[in-house]
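Written out below as structure tokens is the structure these notes cover.
Please treat every number below as a calculation from the coordinates, not as lab data. Because the structure is predicted, anything quoted here is derived from the model rather than measured. Heads up, the Cβs are rebuilt from the backbone with ideal geometry, glycines too, and the neighbour counts pull from every protein chain shown.
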Amino acid sequence: MPEKDVLALFKLDGRRALVTGGSKGLGEVIATALAQAGADVALASRNKTEVQAAAARIEQGTGRRALSVAADVTKAAEVERMAEEVERLLGPIDILVNNAGINIRGEVAQLKEEDWDAVLAVNLKAPFLAAKRFAPGMCERGWGRVINLGSILSVIAIPGRAPYASAKAGVLNLTRVMALEWAARGVTANAICPGPFATEMNKPLLNDPEKYKAFVAKIPMGRWGELHEIAGAALFLASEASSYVTGSALFVDGGWTAQ
């Protein structure tokens with residue numbers, strides 16, 4: 001049997017992707033990468049203005065169709081409304097990237113119950129709701145990719161990150177369960193676990209010289225990640241190139257978790 005062209009395995013022509021939290025940061029970078037590889041993309045965010053602007057940038061920059069949807073993915077009814085709109089305007093979703101995330105920092109004794117609930121809802125409940133809605137269709141069609149955004153805090157702990165670390169640890173095991181449930185039906189589920197990237201969420205660290213220095217000291221590569229450095233991992237897991245990879249976590253962290 002002739003071998004496949006390895007570069008062709010990364011092409012996403014004819015595929016449709018949905019990226020939650022796609023209006024900025026890693027979400028926009030991932031959506032752009034998928035569009036550059038040939039996919040039509042839908043971006044979801046609670047901020048209508050921001051997500052419309054991101055979709056316009058992607059369309060202009062890639063020539064692919066980019067749809068924007070304002071939705072709160074922590075609510076099942078909103079996820080259903082989002083899904084119906086995306087499927088009506090773009091078609092069935094082949095690639096789901098659960099990227100939406102928030103972080104509320106503080107010691108356990110000082111955190112409020114609503115802080116815990118908010119972080120768990122966005123970072124853990126939302127991926128469950130979105131996958132529950134879109135994965136059955138992927139299974140019926142016999143092909144699909146679910147990519148959940150974990151974190152280095154899926155496997156390590158840092159003081160002051162109780163809600164976020166708990167949610168991201170949950171994301172990793174949720175991903176493994178999904179992988180086992182769908183493995184025989186052509187649908188893979190994997191996690192990308194980034195280390196420190198210069199995103200809006202990390203501004204409190206970027207703007208504090210001492211905290212920034214402390215973080216960099218823990219990274220063997222000696223620097224934070226550049227936003228574009230998440231794109232290759234996302235494209236690999238979204239494409240045919242990763243057809244035999246499921247239930248895995250790909251760490252993009254400059255070597256932090258290798259120590």
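Would you mind ranking Met221, Met201 so that the residue whose beta carbon has the fewest other beta carbons within 10 Å leads the list?
Met221, Met201
For region 138-171, list residues with backbone N below 13 Å from a point placed 7 Å from the Cα of Glu200 toward its Cβ?
Those under the cut-off are none; the list is empty.
Placing +1 at every Lys and Arg Cβ and -1 at every Asp and Glu Cβ, with all other atoms neutral, what dipole size does the chain have around its Cα centre, in debye to the nearest 20?
Taking the Cα centre of the chain as origin, the dipole is about 100 debye.
On a straight-distance basis, which aspartates and glutamates could pair with Lys203 in a cross-link, Cα separation under 17 angstrom, same-chain partners fewer than 8 positions away excluded?
The reachable aspartates and glutamates, counting only those whose Cα sits under 17 Å from Lys203, are Glu226.
Using the Karplus curve 6.51 cos²θ - 1.76 cosθ + 1.60 with θ = phi - 60°, work out ³J(HN,Hα) for each residue of region 236-247 in order, rounded to whole Hz, and write x for Gly and Pro.
Residue by residue, region 236-247 yields 4, 6, 8, 10, 5, 4, 9, 4, 10, 10, 8, x Hz.
Can you report the principal axis dimensions of region 134-181 using only the alpha carbons, biggest first, rounded to whole angstrom?
Computed over the Cα atoms, the extents are 44, 15, 13 Å.
Could you check how many percent of all C-alpha pairs in region 47-127 are farther apart than 15 Å?
Taking all Cα-Cα pairs of region 47-127, the fraction more than 15 Å apart is 67 percent.
Give the aspartates and glutamates reachable from Lys125 as a straight Cα distance under 19 Å; neighbours fewer than 8 places away on the same chain don't count.
Hits, sequence-local ones excluded: Asp72, Glu78, Glu80, Glu113, Glu114, Asp115, Asp117, Glu181.
If you take the C-alpha gyration tensor of region 1-97, multiply each eigenvalue by 5 and take the square root, what semi-axes do you get, largest first, in whole Å? Please list the in-between numbers first.
Numbers: eigenvalues 122, 45, 23 Å².
Taking √(5λ) for each eigenvalue gives 25, 15, 11 Å, largest first.
Let me know the volume per residue of the alpha-carbon convex hull for the chain, in Å³.
135
Students often forget the sequence filter, so: which lysines lie under 28 Å Cα-Cα from Lys132 once same-chain residues fewer than 8 apart are removed?
Within the straight-line cut-off, Lys132 pairs with Lys11, Lys24, Lys48, Lys75, Lys168.
Step through the residues of region 188-203 one at a time and calculate ³J(HN,Hα) from phi using the Karplus curve (6.51 cos²θ - 1.76 cosθ + 1.60, θ = phi - 60°), rounding each to whole Hz and writing x for Gly and Pro.
9, 9, 9, 10, 9, 10, x, x, x, 10, 7, 9, 4, 4, 9, 4
Fully extended, how many nm does the chain gain between Ala214 and Ala76 (0.36 nm per residue separation, minus their Cα-Cα distance)?
Details: separation 138, 0.36 × 138 = 49.68 nm, distance 3.94 nm.
In short, 45.7 nm is gained.
Pop a pseudo-label 7 angstrom from the Cα along the beta-carbon direction at both Asp115 and Cys139 and give the gap in nm to one decimal.
It is 3.8 nm.
Of the listed peptides 136-147, 65-76, what is their order by residue-averaged count of other C-beta atoms within 10 Å, with the highest listed first?
Descending packing order for the listed peptides: 65-76, 136-147.
Looking only at the chain, where both bridge partners belong to it, what percent of the DSSP beta bridges are antiparallel (to the nearest 5)?
Working: 0 of 29 bridges.
Once the DSSP bridges in the chain are tallied, antiparallel ones form about 0 percent.
Pop the C-beta distance of Lys11 and Arg185 into the FRET formula with R0 = 22 Å and round what comes out to the nearest 0.05.
On the way: r = 23 Å, r/R0 = 1.03.
Once the sixth-power term is evaluated, E becomes 0.45.
Taking H as built 1.01 Å from N, whose amide H comes closer than 5 Å to the amide H of Leu250, not counting residues under 5 places away?
Ala191, Ile192, Cys193
Please list 51-64, 186-199 highest first by mean number of surrounding beta-carbon atoms within 10 Å per residue.
186-199, 51-64
Rank the residues Asp117, Asp40, Asp13 as a footprinting-exposure proxy: fewest other Cβ atoms within 10 Å of their Cβ go first.
Asp13, Asp117, Asp40
Name the residues whose placed amide hydrogens come within less than 5 Å of the amide hydrogen of Ala100, ignoring near sequence neighbours (fewer than 5 apart) on the same chain.
Those qualifying (amide H under 5 Å, at least 5 residues apart or on another chain) are Thr20, Gly21.
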